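To start, the structure under review is shown below, and the notes come after it.
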Amino acid sequence: MYSQGTKGLGRIKSRLLEHIAWADREICWEPDEFAMRRGWTVTRTGFGARRYRDPRFDQLRIALKVPEEVS
């Protein structure tokens, strides 16, 4: 059904995407490792771009307002 040209192009595209993913990991390995050692979540947002989040931020609460004492 498919011609050899299409299969070859698919293989080239696949290899190129593998190389891009490898380069992305190589560029960001140090900050990713730093974040993972501290228990942060790492979300890949694009080539060479990451979003780092400390899950402890989810545990923060807004402090209740304390009424001022009038004297």
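Taken together, the values in this text are just the output of simple stated rules run on the coordinates, not laboratory data. Bear in mind that the values here come from a model prediction, so they are computed numbers and not experimental data. Cβ atoms come from the backbone with ideal geometry, glycine included; neighbour counts cover every protein chain shown.
If you take all other residues with their beta carbon under 9 Å from the beta carbon of Thr41, and give Lys and Arg +1 and Asp and Glu -1, the sum is +1. Per-residue ellipticity at 222 nm from helix content only, as computed over the chain with -39500 (n - 2.57) for each DSSP H run of at least four residues, stands at -17500 deg cm²/dmol. If one computes P(r) from the Cα atoms of the chain, what percent of pairs lie at distances over 14 Å? Beyond 14 Å sits 74 percent of the P(r) for the chain. The length gained by stretching the chain between Glu26 and Arg53 to full extension, at 0.36 nm per residue less their Cα-Cα distance, is 7.7 nm.
With 0.36 nm allotted per residue and the present C-alpha distance subtracted, the Arg44-Arg15 stretch has 8.4 nm of extension available.
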